[in-house]
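The values are calculated or read from the model by the stated rules, or taken from the named source; none is laboratory data. This one's a predicted model, so the numbers in the text were calculated from it and none came from an experiment. Neighbour counts run over all protein chains shown; Cβ positions are idealised from the backbone, glycine included.
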Amino acid sequence: MNNIIEVKNLTKKFGNFIAVNNINFNIKKGEILGFLGPNGAGKTTSIKMINGLLKITSGEILVNGMDANKNRKELKKIMGYMSQKFSLYPLLNSLENIEFFGGVSGLSRKTIKKKEEEIKNMVDPLLLRQNVKDIPPGIRQKISLFVCLMTDPEIIFLDEPTSGVDPEVRRNFWYEIYDLKIRGKTILVSTHNLDEVEYADRILILHHGDLIVEGEPGGLLKKHKKNSIEDLFKDAISNHEQN
Amino acid sequence: MRIFYLVKKEFIEIFRQKELLPLLFIAPIIQIILFGYIVKTDVENIPVEIINLSKNKTSYRIINRIKNTPLFNVKKISYKNRDSISTLKKGNIKAVIIFRDSFNKNKNILKYPEIQILMDGTDSNTSSIAAGYFNGILKKYILSDIEKMDKKLSIENKTLIRFNPALKSINYMGPGIVALLLTIVSLFLASASIVREKEQQTMDTLLISRLTSIEIYIGKALPIAIIGIINMSFSISVVMIWFKIPIRGNLFILFISAIIFLTAILSYGLLISTIVSTQQQALFFSWFSMITFILLSGLFTPTENIPSSLQFLVKINPLSYLIKIIREIFLKGNGIEYFYKDLLCLSFITILVISISISNFKRLISK
């Protein structure tokens, strides 16, 4: 598989604080890449640099061979982003959110109408007409993912998409992610839930802005002689802190 | 077309905040009516006490004139000397007028009594106006005496007041209050606009959409501008219908001036919104800015009273230009040839503020 994203010596500083410290990794087309790390590890910052929401301090990001920093407008067309807290407008109902995001993403009225019909088959129409602030987190997550996929993006960034939802919703959500992978989408997902990374093709563990572990979950467990990702994660963090 | 969806979303967000709607559309009307009655520079019903120690008929005649004018409210007339200072200290009386007989060298009572006025100077404005009124009553009395003797003063002045002949302060304040309300509503809405996106974490989703930074900026400003113009139309109607202040000039030029002003104030509000991190901070910033704009606008006190070293603050205050233009159009019926310099200054300030605001917004989204 070809690399769709190449990250080279990526660094982000906020004043004197180094949020991401000289990291290197690649993402292959059609791959699910899991970003792991405690709060403040640099997961969201890295995602935001790759999708063009944050300027990089130094380094290089190539997406589809294009410099992400210089081709933001072009890359917006092939990227979908679902941020933390699902980023829907709480005072709008789900259908209004879909109309809005579809409209500002350049979809035609006809396509937006089609998308609205599509969501009506997936979610109770009564819930769709309630303001987003009043609907359950699981439905909000579903709508948020739907919105993220409305433009049929090639690369999908999911920033802690399963926070605050119950285990069953999480499991169903991952089935949908798998379905996207089957459809050839590249997915970069950050998460706190260590049990979820078994779904990823490869994982990266970040700590204090450093990339400390990279590889396939099964291979990493074998290599580090660990029984679970949780043990691997704890060990990696503790070793990094000692160094 | 993309911008249409943003404008629609902004309107929905504003109109879904049910607590906000009365504040946006009803409160300004109530405010303008209240302000119209409360914010007055006219001084009426000044509570006075009269101590008449004179036996002269003239003192009775002058007291009668004081009693019959709506400017003074004679609370008490006493014929014995009293402690005037303690009367003023109590605060219910703003002036004590004392009449005493005056005598010539032969100890004969003169025609005109000796009059002393003790004023409560804590409210310097009311005191000086009251003193002026009282002097006016005395002058008129003396003039009528002179006329009775078939004599005339060698110099006589006649004052003719144009544009606001009844000197009603509402005619002066009303149009200014229209500008004030336009500032309040627009500034507060604009300053909360972008920071609300940051707080509810929708800013990133907005930025990753196909909207350009200019489209986001305009999409944020346009709904507030529309609400501001609707509000202004209501306020002007109230001023014209309720307070019966006719507009003598061109309404179209007034609206054009208001739109230029709105652009400046919305840009400033959006600038605040990009700088702050919470809506609470935005509210504080807007409140502080609004008070400064008002104090330096000439709405309540003439800008000529502001020290020359601080006059530059008046010159950079967009509200001072709008208030001046609104009064020119409303009261004097002046055409653009009378205030084009003010309009040009306002336009220059608007271009400056919008440039700073947009460049700051662009910096925010490309951190």
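For segment A:10-20, give me each residue that is surrounded by fewer than 16 Cβ atoms within 10 Å (Cβ to Cβ) and in a strand (DSSP E or B).
Answer for segment A:10-20, where residues must be surrounded by fewer than 16 Cβ atoms within 10 Å (Cβ to Cβ) and in a strand (DSSP E or B): A:13, A:14, A:17.
Condition check ((1) surrounded by fewer than 21 Cβ atoms within 10 Å (Cβ to Cβ); (2) in a helix (DSSP H, G or I)) across all residues:
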residue: B:319; (1), (2): no, yes
residue: B:334; (1), (2): yes, no
residue: B:340; (1), (2): yes, yes
residue: B:347; (1), (2): yes, yes
residue: B:357; (1), (2): no, yes
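Just one of the numbered conditions (1) in contact with a helix residue (DSSP H, G or I) (Cβ under 8 Å, 6 or more places away or on another chain); (2) within 13 Å of chain B (Cβ to nearest Cβ); (3) in contact (Cβ under 8 Å) with a residue 24 or more places away in the chain; (4) not hydrophobic (A, V, I, L, M, F, W, C) is not true of residue A:96; which one?
(3)
Name every residue in segment A:138-188 that is surrounded by fewer than 18 Cβ atoms within 10 Å (Cβ to Cβ) and of a type in the set (A, V, I, L, M), in order of residue number.
A:149, A:169, A:182
Filter segment B:139-166 for residues that are within 24 Å of residue B:63 (Cα to Cα), of a type outside the set (Lys, Arg) and without any contact (Cβ under 8 Å) to a residue 40 or more places away in the chain and give the result. Outline the logic, then answer.
From segment B:139-166, those within 24 Å of residue B:63 (Cα to Cα) are B:139-149; that's our starting set.
Narrowing the set further to residues that are of a type outside the set (Lys, Arg) leaves B:141-147, B:149.
Of everything in segment B:139-166, those that are within 24 Å of residue B:63 (Cα to Cα), of a type outside the set (Lys, Arg) and without any contact (Cβ under 8 Å) to a residue 40 or more places away in the chain turn out to be B:142, B:143, B:144, B:145, B:146, B:147, B:149.
Any chance segment B:31-40 includes a residue that's part of a loop (DSSP other than H, G, I, E, B), away from chain A (no Cβ under 14 Å) and either in contact (Cβ under 8 Å) with a residue 24 or more places away in the chain or of a type in the set (D, E, K, R) (or both)?
Filtering segment B:31-40 for residues part of a loop (DSSP other than H, G, I, E, B) gives B:39-40.
With away from chain A (no Cβ under 14 Å) added as a condition, the list becomes B:39-40.
Still in the list and also either in contact (Cβ under 8 Å) with a residue 24 or more places away in the chain or of a type in the set (D, E, K, R) (or both): B:39-40.
Taking every residue of segment B:31-40 in turn, at least one turns out to be part of a loop (DSSP other than H, G, I, E, B), away from chain A (no Cβ under 14 Å) and either in contact (Cβ under 8 Å) with a residue 24 or more places away in the chain or of a type in the set (D, E, K, R) (or both).
From B:197, B:156, which residue is out of contact with any strand residue (DSSP E or B) (no Cβ under 6 Å at 6 or more places or on another chain) and not assigned by TED's automatic domain parsing to the domain that holds residue B:221?
Working: B:197 fails: not assigned by TED's automatic domain parsing to the domain that holds residue B:221.
Unique residue meeting the criteria: B:156.
Yes/no per residue for (1) over 16 Å from residue B:175 (Cβ atoms); (2) among the aliphatic types (A, V, I, L, M); (3) at pLDDT 90 or above:
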residue: B:266; (1), (2), (3): yes, yes, yes
residue: B:273; (1), (2), (3): yes, no, yes
residue: B:289; (1), (2), (3): yes, no, yes
residue: B:308; (1), (2), (3): yes, no, yes
residue: B:314; (1), (2), (3): yes, yes, yes
residue: B:326; (1), (2), (3): no, yes, yes
residue: B:342; (1), (2), (3): no, no, yes
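What residue, of A:46, A:58, is closer than 27 Å to residue B:198 by Cβ, touching a Phe, Trp or Tyr at 6+ places or on another chain (Cβ under 8 Å) and polar (S, T, N, Q)?
A:46
Does segment B:19-31 contain at least one residue that is surrounded by 17 or more Cβ atoms within 10 Å (Cβ to Cβ) and farther than 22 Å from residue B:227 by Cα?
No: segment B:19-31 contains no residue that is surrounded by 17 or more Cβ atoms within 10 Å (Cβ to Cβ) and farther than 22 Å from residue B:227 by Cα.
Kindly indicate whether residue B:21 is aliphatic (A, V, I, L, M), in contact with a helix residue (DSSP H, G or I) (Cβ under 9 Å, 6 or more places away or on another chain) and within 14 Å of chain A (Cβ to nearest Cβ). Walk me through how you get there before you give the answer.
Working: aliphatic (A, V, I, L, M): yes; in contact with a helix residue (DSSP H, G or I) (Cβ under 9 Å, 6 or more places away or on another chain): yes; within 14 Å of chain A (Cβ to nearest Cβ): yes.
Yes: the conditions hold for residue B:21.
Could you please find all residues in segment B:36-71 being among the hydrophobic types (A, V, I, L, M, F, W, C) and in contact with a Gly (Cβ under 8 Å, 6 or more places away or on another chain)? If you could, list the steps in order and put the result at the bottom.
Let us first name the residues in segment B:36-71 that are among the hydrophobic types (A, V, I, L, M, F, W, C), namely B:38-39, B:43, B:46, B:48, B:50-51, B:53, B:62-63, B:66, B:71.
Those that are among the hydrophobic types (A, V, I, L, M, F, W, C) and in contact with a Gly (Cβ under 8 Å, 6 or more places away or on another chain): none in segment B:36-71.
Looking at residue A:162 and the list (1) free of Cβ contacts under 8 Å to residues at least 40 places away in the same chain; (2) part of a helix (DSSP H, G or I); (3) closer than 29 Å to residue A:19 by Cβ, which single condition is not satisfied?
With (1) free of Cβ contacts under 8 Å to residues at least 40 places away in the same chain; (2) part of a helix (DSSP H, G or I); (3) closer than 29 Å to residue A:19 by Cβ applied to residue A:162, the lone miss is (2).
Of (1) within 12 Å of another protein chain (Cβ to nearest Cβ); (2) more than 27 Å from residue A:47 (Cβ to Cβ); (3) of a type outside the set (Val, Ile, Thr), residue A:124 satisfies all except one. Which?
Status for residue A:124: all satisfied but (1).
Among the residues of segment A:33-80 satisfying the criterion of being on the phi > 0 side of the Ramachandran plot and more than 10 Å from chain B (Cβ to nearest Cβ), which is surrounded by the fewest Cβ atoms within 10 Å (Cβ to Cβ)?
If we take residues in segment A:33-80 being on the phi > 0 side of the Ramachandran plot and more than 10 Å from chain B (Cβ to nearest Cβ), then A:65 is surrounded by the fewest Cβ atoms within 10 Å (Cβ to Cβ).
Exactly one of (1) free of Cβ contacts under 8 Å to residues at least 40 places away in the same chain; (2) crowded, with 16+ Cβ neighbours inside 10 Å is unmet by residue A:193. Its number?
(2)
Can you confirm whether residue B:150 is at pLDDT below 85 and surrounded by 14 or more Cβ atoms within 10 Å (Cβ to Cβ)?
Working: at pLDDT below 85: yes; surrounded by 14 or more Cβ atoms within 10 Å (Cβ to Cβ): no.
The answer is no for residue B:150.
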